[in-house]
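Inspection log for the structure reproduced underneath, given as structure tokens.
The values are calculated or read from the model by the stated rules, or taken from the named source; none is laboratory data. A quick note: this is a predicted structure, and the numbers were derived from the prediction, not measured. No Cβ is skipped: glycine too gets one built from the backbone with ideal geometry, and neighbour counts run over all protein chains shown.
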Ligand SMILES: NC(=O)c1ccc[n+]([C@@H]2O[C@H](COP(=O)([O-])OP(=O)(O)OC[C@H]3O[C@@H](n4cnc5c(N)ncnc54)[C@H](O)[C@@H]3O)[C@@H](O)[C@H]2O)c1
């Protein structure tokens with residue numbers, strides 16, 4: 001271990017500071033996420049399975065632990081843990097479904113460096129990953145889609161729209177569908193006032209949304225598949241299946257399938273996991289996003305294309321470390337004095 005030159009310190013980074021660092025930096029965050037995917041693809045990360053804490057008395061809620069380590073060279077190395085709750089009933093009570101913290105650890109000493117508010121980091125890295133996938137998978141098929149459809153219209157849908165718009169995507173048509181008419185209208189209102197391109201249509205039926213979109217974003221909280229008709233995808237859209245459990249395995253099997261990490265994605269009853277159970281194997285997978293990035297997998301344009309990202313802890317670490325480094329460099333890090341107290345071996 002290298003000599004420790006100064007006493008370890010610990011910082012708390014609230015959501016307002018995270019927002020300040022990331023706001024409007026869509027392109028930069030996409031590049032950070034891409035670099036993390038490349039490190040992960042080259043084996044320079046440790047990203048064990050997520051641990052799901054579930055509650056018998058609150059079956060729709062969960063808290064997930066995502067430990068991870070980001071390798072590489074230089075100052076970007078970091079270890080840590082994301083601890084993220086999903087309580088869907090929060091939405092009716094007027095607060096967001098998801099809340100999270102991220103702990104960053106020093107890779108040389110193991111000392112925790114900081115605790116960051118992480119619902120923003122989580123939404124940002126998810127949206128940046130979706131925008132990257134749209135570019136990489138869509139780009140490999142030629143022309144960018146001009147008609148986008150949002151299936152499920154919560155915070156994640158809003159972030160994905162912001163990241164697409166913020167990285168140069170424009171649309172002729174923006175479709176919206178949600179089980180809740182109120183949420184669909186709220187999202188349509190956000191789209192109108194965002195000033196982004198495209199005629200906004202609220203679709204009453206799931207079928208109309210899918211059939212009228214060439215880029216479909218699933219961001220619902222469905223626990224089991226509710227879209228079961230492969231025929232709805234006969235026009236071969238690119239589908240960002242961010243919520244992971246909307247599509248029946250038969251739908252996935254009608255197209256080409258990409259994931260962020262095979263072992264992560266094929267568990268916890270995700271749609272790709274169901275497809276594995278149905279087919280008895282993983283042959284239905286066409287590659288990872290990194291495979292396409294690295295030119296090791298092709299993307300067809302004569303079938304629908306599905307991207308199902310499980311969401312890797314290394315992405316949170318990469319974006320969280322960027323926030324930490326930015327605040328450290330600008331002298332704005334809120335250090336907690338005396339956080340580590342018992343520091344001398346014999347008192
Ligand atoms: N893969 C990843 O990396 C990743 C990361 C973050 C979040 N997510 C997932 O994204 C999803 C959305 O998160 P959010 O914070 O926006 O949630 P949210 O609760 O804010 O919004 C979800 C919306 O989906 C709607 N909905 C639920 N079931 C539906 C259905 N069957 N059909 C149509 N609409 C339906 C709800 O009415 C709500 O408006 C969650 O499932 C979350 O787990 C995935």
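Assorted remarks:
- Scanning the range 248-270 for residues that are touching a helix residue (DSSP H, G or I) at 6+ places or on another chain (Cβ under 9 Å), within 11 Å of the ligand (Cβ to nearest atom) and outside any loop (DSSP other than H, G, I, E, B) returns 259, 265.
- Condition broken by residue 139, with the remaining ones in (1) crowded, with 20+ Cβ neighbours inside 10 Å; (2) under 27 Å from residue 214 (Cβ atoms); (3) under 20 Å from the mean Cα position of the chain (by Cα) satisfied: (1)
- Tabulated pairs, the range 251-264, first more than 13 Å from residue 290 (Cα to Cα), second assigned to a loop (DSSP other than H, G, I, E, B) and within 15 Å of the ligand (Cβ to nearest atom), C-beta under 7 angstrom, 6+ apart or interchain: 251/228; 264/49; 264/310; 264/312
- For the range 284-300, the set of residues classified as in a loop (DSSP other than H, G, I, E, B) and touching a residue at least 24 places away in the same chain (Cβ under 8 Å) consists of 284, 294, 297, 298, 299, 300, listed by residue number.
- Hits in the range 271-319 (condition: within 13 Å of the ligand (Cβ to nearest atom) and out of contact with any helix residue (DSSP H, G or I) (no Cβ under 9 Å at 6 or more places or on another chain)): 313
- Selection over the range 34-55 of residues that are touching a helix residue (DSSP H, G or I) at 6+ places or on another chain (Cβ under 8 Å) and under 17 Å from residue 67 (Cα atoms) gives a count of 8.
- Residue check, residue 188 surrounded by 15 or more Cβ atoms within 10 Å (Cβ to Cβ) and at pLDDT below 95: no
- Where residue 113 falls short, out of the listed (1) touching a strand residue (DSSP E or B) at 6+ places or on another chain (Cβ under 8 Å); (2) at pLDDT below 95: (2)
- Scope the range 223-249; condition over 21 Å from residue 299 (Cβ atoms) and surrounded by fewer than 19 Cβ atoms within 10 Å (Cβ to Cβ); matching residues: 223, 224, 225, 226, 228, 229, 231
- Filter result for residue 110 (in contact (Cβ under 8 Å) with a residue 12 or more places away in the chain, surrounded by fewer than 24 Cβ atoms within 10 Å (Cβ to Cβ) and more than 16 Å from the ligand (Cβ to nearest atom)): yes
- Check on residue 244, touching a residue at least 60 places away in the same chain (Cβ under 8 Å), touching a strand residue (DSSP E or B) at 6+ places or on another chain (Cβ under 7 Å), part of a loop (DSSP other than H, G, I, E, B) and within 15 Å of the ligand (Cβ to nearest atom): yes
- Candidate set from the range 96-107 (those that are away from the ligand (no atom under 16 Å from the Cβ) and assigned to a strand (DSSP E or B)); member that is farthest from the chain's Cα centre (by Cα): 105
- A count restricted to the range 271-282 and to residues that are closer than 18 Å to residue 247 by Cβ and not in a helix (DSSP H, G or I) stands at 1.
- Of the residues making up the range 65-80, none is farther than 30 Å from residue 7 by Cβ, in contact with a helix residue (DSSP H, G or I) (Cβ under 7 Å, 6 or more places away or on another chain) and buried (at least 18 other Cβ atoms within 10 Å of the Cβ).
Yes/no matrix, rows are residues, columns are (1) within 12 Å of the ligand (Cβ to nearest atom); (2) modelled with pLDDT of 95 or more; (3) under 19 Å from residue 243 (Cβ atoms); (4) part of a loop (DSSP other than H, G, I, E, B):
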site	(1), (2), (3), (4)
52	yes, no, yes, no
56	no, yes, no, yes
64	yes, yes, yes, no
75	no, no, no, no
79	no, yes, no, no
84	yes, yes, yes, no
90	yes, yes, yes, no
